[in-house]
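The values are calculated or read from the model by the stated rules, or taken from the named source; none is laboratory data. Bear in mind that the values here come from a model prediction, so they are computed numbers and not experimental data. Backbone-built Cβ (ideal geometry, glycine too); neighbour counts: all protein chains shown. Note: areas computed on protein heavy atoms with side chains; ligands, DNA, RNA excluded. Shrake-Rupley method; radii C 1.70, N 1.55, O 1.52, S 1.80 Å.
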Amino acid sequence: MSGHSLLVAGGGIGGLTAALALARAGHRVTVLEQAARFSEVGAGIQLAPNASRVLIDLGLGPALAPFAAIPEDLRVYSTRAGGEIGRTALGAAIAERYGAPYWVIHRADLARVLAAAVRARGDVELVLGARLRDVEAEPDGIRVLATVAGQPREFRTSGLIGADGVRSCVRTRIRGGPPARYAGRTAYRATVPIEMIPEDLRRSTGLWMSPKAHLVHYPIRAGRELNLVAVVEDSWVDESWSVPASADAFARHFGLDGPVRWPEPARSLLRLPNSWTKWALCGFDSRFEWSSGPVTLLGDAAHATLPFAAQGGAMAIEDAAVLARTLEAAPNTAAAFLAYETLRKGRTRAIVEQARKNGAIYHMGDLPALARDAVLRMGAATHLDDRVAWIWRWTPA
Ligand SMILES: Cc1cc2nc3c(=O)[nH]c(=O)nc-3n(C[C@H](O)[C@H](O)[C@H](O)COP(=O)(O)OP(=O)(O)OC[C@H]3O[C@@H](n4cnc5c(N)ncnc54)[C@H](O)[C@@H]3O)c2cc1C
């Protein structure tokens, strides 16, 4: 059954993809986004085939492709080994194997394309500067209480989808779910012009593994910039969850000033940005129900993950596709939301667990890293995409 009136709280990657998928399925959709404009921080995102496939199915292929880069290979490095220990082909090999590309893209470009596609439909109400505060039950749906541009405002809907991120108000306040907590890891993100990068590294995704830290880099903006994500295990002392960090502060925190741990060319890459943005990586206990009656959760609000499988955004995109499908078949939003949760929970838990395991492997201490590196050198690195085939092969059947 289609034609519900739905309210999506949060206009991030998950909320905007959901709005698009739901509107295309014939529902009336309102999106409340607390920010004054749709934007994403200056950093990249990897879109594996399971995510790019959904975005292409939504008709976004031609709009996204000019902004995406398609790395030729994934190169794995170990600081213990002092350099590269293996590589896996990406590029055309992935599109051929999975029927959809492995894209890397700037988040601002992805957000802009999603928002433009939603706006171009003309039938989705996008309300910016709108912060959801609470809900009240009504006989045939719910009343959503929000603050829009500082003024209280109410919205009536037959279904509320909380796509409001890891610190979701819908999860904690309305669903009584767990609060976000710091996961003991800090991510630093920065982008630099590609001209600053050695020619040999410009078309690759790189993963440097090191005790209690790792570095990922890949090209974005159709290859014009390089995105750097550097992760370190530590405690979080800042008041805000995302703060600017100077190059010097980063160098101290990442051990660039201490005993030489980061060999070239990682050391040079880590020295390139003038400033970084520092993020607290958060998670929460997954043992709670996402859905109750006409309320459910989507994306990080439901299943935030450590980013070490590069799948948080991809899972939010998958959620959107599945939610649109379950709403087609179910008699009402409550039944659809339960069916959606049942379809999504096993897979999202397995991916969150995979990300945790990847983190443990990337951050191994010197002795276990010796065995890890030996296995990768003996050929395992040439088939790394086999390890993620179960994630990348997904289609919204
Ligand atoms: C370092 C790092 C690297 C990553 N790399 C990748 C990657 O390569 N690939 C990948 O797939 N994923 C990656 N991720 C994960 C990905 O960024 C997230 O999973 C994704 O952004 C989640 O999207 P979302 O829409 O669920 O939540 P968000 O992007 O957090 O969006 C939530 C939105 O809700 C709004 N909001 C919050 N509260 C309210 C409210 N009360 N009312 C109204 N609006 C509200 C917020 O302003 C925000 O716009 C990475 C994450 C990190 C930290």
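The Rg/Rh ratio of the range 51-161, with Rg taken over Cα atoms and Rh as the Kirkwood radius over Cα pairs, comes to 1.19. Volume per residue for the chain equals 130 cubic angstrom (convex hull of Cα atoms). Among beta bridges identified by DSSP and lying wholly in the chain, the antiparallel ones come to about 75 percent. Taking label positions 7 Å along the Cα-Cβ direction at both SER5 and ALA95, the computed distance is 4.4 nm, reported to one decimal. For the peptides 310-320, 3-13, 226-236, the ranking by mean Cβ contacts within 10 Å, running from highest to lowest, is 310-320, 3-13, 226-236.
Ellipticity at 222 nm from helices only: DSSP H runs of n ≥ 4 in the chain, each -39500 (n - 2.57), divided by the residue count, give -10000 deg cm²/dmol. Solvent-accessible surface of the range 351-397, averaged per residue with a 1.4 angstrom probe and all protein chains in place: 55 square angstrom. Relative contact order of the range 235-298: 41 percent, from C-alpha pairs under 8 Å at least 6 residues apart in sequence. Here the chain exposes an accessible surface that is 54 percent carbon and sulfur, computed with a 1.4 Å probe and the other protein chains kept in place. A 1.4 Å probe run over the protein chains yields, for the range 1-87, 32 Å² of accessible area per residue, whole-number rounding.
For the chain, the membrane-span-like helices by this rule, meaning whole DSSP H stretches whose C-alpha atoms cover at least 24 Å of axis and whose Kyte-Doolittle mean is -0.5 or above, are 312-329, 333-362; this says nothing about an actual membrane. Packing, as the average of other Cβ atoms within 10 Å across residues, places the peptides 93-100, 183-190 in the order 183-190, 93-100, highest first.
In terms of its alpha-carbon gyration tensor, the range 114-194 comes out oblate; a/c meets the 1.5 threshold, while b/c is at least as large as a/b. Provide Rg over Rh for the range 153-230; use the alpha carbon set for both Rg and the Kirkwood Rh (inverse mean inverse pair distance). In the range 153-230, Rg relative to Rh is 1.20. Taking THR147, THR17, THR79 in turn, the Gaussian network model of the chain (Cα-Cα springs below 10 Å) assigns the largest fluctuation to THR147.
Remark: relative contact order (the chain) = 23 percent; criterion is Cα-Cα distance under 8 angstrom and separation of 6 or more residues. The range 191-264 and the range 37-68 have Cα centres separated by 23 Å.
Here r is the Cβ-Cβ distance between ASP285 and ARG202 and R0 is 41 Å; the resulting FRET efficiency, rounded to 0.05, is 0.50.
Peptides 193-200, 207-214, 325-332, 163-170 ranked from most to least packed, by the mean per-residue count of other Cβ atoms within 10 Å: 163-170, 207-214, 325-332, 193-200. Each Lys or Arg adds one and each Asp or Glu takes one away; over the other residues whose Cβ falls under 14 Å from the Cβ of ASP164, this sums to +2.
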